Amino acid sequence: MKLEQVKHEFSKLTTSVVSDALDSLGIKDRVTGFSVRSSNNTLIGFAYTVKYDLLDEDKGFQNAGNYIDNVSQGEIILIDNAARDWCTTWGGILTRVSTLRKIGGAVVYGAVRDIEEIESSNLPVYSSHVFMASGKNRVKKVAEKCCVKMGDVLVSHGDLVFGDKNGILFIPKDKIEEVCKRARCIEETEKKIIEAIELGMGLSEARSRFNYARPWDS
């Protein structure tokens with residue numbers, strides 16, 4: 001699926017129904033411990049992955065954030081800083097550049113700073129921590145377009161990132177269409193169940209009638 005089609009389809013869904021679709025396929029690509037830092041909590045886009053590690057003491061300053069020049073419009077930047085809460089890999093400058101370049105947002109497994117600028121930008125940014133100390137002279141970028149760890153989940157470059165008020169999840173690139181199809185079935189089934197209950201049907205009967213356990217098989 002191309003990005004515009006993905007956005008069109010997933011904008012009609014919630015992470016709740018998509019999570020159920022992932023469950024049905026045995027995929028556990030959801031993370032806990034991340035909070036949205038901006039007023040916009042909607043993430044829909046393909047992952048651009050970046051990995052950081054500790055900087056050797058004898059090495060000088062690195063322009064580790066310059067990777068952003070390689071990120072395409074609409075992509076979601078995923079930064080694996082190994083949950084480090086004592087230095088940041090995202091702040092005001094990257095937020096501004098991302099806004100100007102129409103990047104889709106960022107998810108940081110670690111700390112971000114310049115929260116006031118992030119909040120006012122409308123750029124969806126999630127992180128596991130907030131702190132004020134820069135990552136300059138503390139960490140270095142070691143890879144781009146690689147496999148990264150977001151919490152307990154391994155995410156590949158190009159996987160789909162989907163986030164809303166309920167949280168964030170990741171969909172393997174080769175499972176996007178099937179997950180979307182199942183999520184639509186789940187949502188449609190839940191609507192039918194609610195409509196039936198509003199007309200007086202019991203919950204047990206409604207769930208049975210509309211195959212609540214496996215709606216994608218209906």
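Just so you know, all these numbers are worked out from the coordinates, no wet-lab data involved. Not measured: the values here are computed from a predicted model. Every residue, glycine among them, receives a Cβ derived from its backbone with ideal geometry; neighbour counts consider all protein chains shown.
I'd like the GluC sites (Glu not before Pro) in the range 1-58 restricted to DSSP loop residues with at most 16 other Cβ atoms within 10 Å, sorted by number.
In loop regions of the range 1-58 (DSSP not H, G, I, E or B), the sparsely surrounded GluC sites (Glu not before Pro) are E57.
For every other residue with a beta carbon closer than 14 angstrom to the beta carbon of I93, add +1 if it is Lys or Arg and -1 if Asp or Glu, then tell me the sum.
Its environment carries a net charge of 0.
Of S19, M150, G91, which is farthest along the charge dipole of the chain in the positive direction, counting Lys and Arg as +1 and Asp and Glu as -1 at C-beta?
My answer, from the dipole projection, is G91.
Under 16 Å Cα to Cα from K149, which aspartates and glutamates show up? Leave out anything in the same chain fewer than 8 places away.
Leaving aside aspartates and glutamates fewer than 8 places away in the same chain, those within reach of K149 are D29, D53, D80, D85, D159.
Of the cross-linked pairs K12/K141; K102/K173; K102/K145; K145/K191; K145/K175; K140/K181, which ones have a Cα-Cα span greater than 28 Å in the structure shown?
In this structure, K12/K141; K145/K191; K140/K181 exceed 28 Å between Cα atoms.
Let me check I've understood the local charge: for E117, count other residues with C-beta under 14 angstrom from its C-beta, Lys and Arg +1, Asp and Glu -1. What total comes out?
Within the 14 Å Cβ shell, the charges total 0.
If you keep only loop residues by DSSP, which trypsin sites (Lys or Arg not before Pro) in the range 1-90 have at most 13 other Cβ atoms within 10 Å of their Cβ?
Passing both the DSSP loop test and the Cβ count: K2, K12, K28, K59.
Loop only by DSSP, 14 or fewer other Cβ within 10 Å of the Cβ. Give me the chymotrypsin sites (Phe, Trp or Tyr not before Pro) in the range 18-66 that pass, ordered by residue number.
For chymotrypsin sites (Phe, Trp or Tyr not before Pro) across the range 18-66 that sit outside H, G, I, E and B with at most 14 neighbouring Cβ atoms in 10 Å, the list reads F61.
Pull up the DSSP beta bridges for the chain and report the antiparallel fraction as a percent, rounded to 5.
Percent antiparallel among DSSP bridges in the chain is about 55.
Taking the inverse of the average 1/r across all pairs of different Cα atoms in the chain, what Kirkwood radius in Å do you get?
18.3
Place a +1 charge on the Cβ of each Lys and Arg in the chain and a -1 charge on the Cβ of each Asp and Glu, then give the dipole magnitude about the Cα centre in debye, rounded to the nearest 20.
220
Assuming R0 = 25 Å, what is the FRET efficiency of T32 and N137, from their Cβ-Cβ distance, to the nearest 0.05?
0.20
So for the chain, taking the charge dipole from beta-carbon charges (+1 Lys/Arg, -1 Asp/Glu), which of A196, I118, I68 sits furthest toward the positive end?
I68
On average, how much area does the Cα convex hull of the range 1-95 cover when viewed from any direction, in nm²?
8.3
Taking 0.36 nm per intervening residue step and subtracting the Cα-Cα distance, what contour gain separates W86 from K145 on full extension?
Gain in length upon complete extension: 18.8 nm.
What FRET efficiency comes out for the pair I68/D23, r = Cβ-Cβ distance, R0 = 35 Å, nearest 0.05?
0.55
What translational D, rounded to a whole number of µm²/s, comes out for the range 52-174 from Stokes-Einstein when the hydrodynamic radius is the Kirkwood one over Cα pairs, at 20 °C and 1.002 mPa s?
This corresponds to a translational diffusion coefficient of 146 µm²/s.
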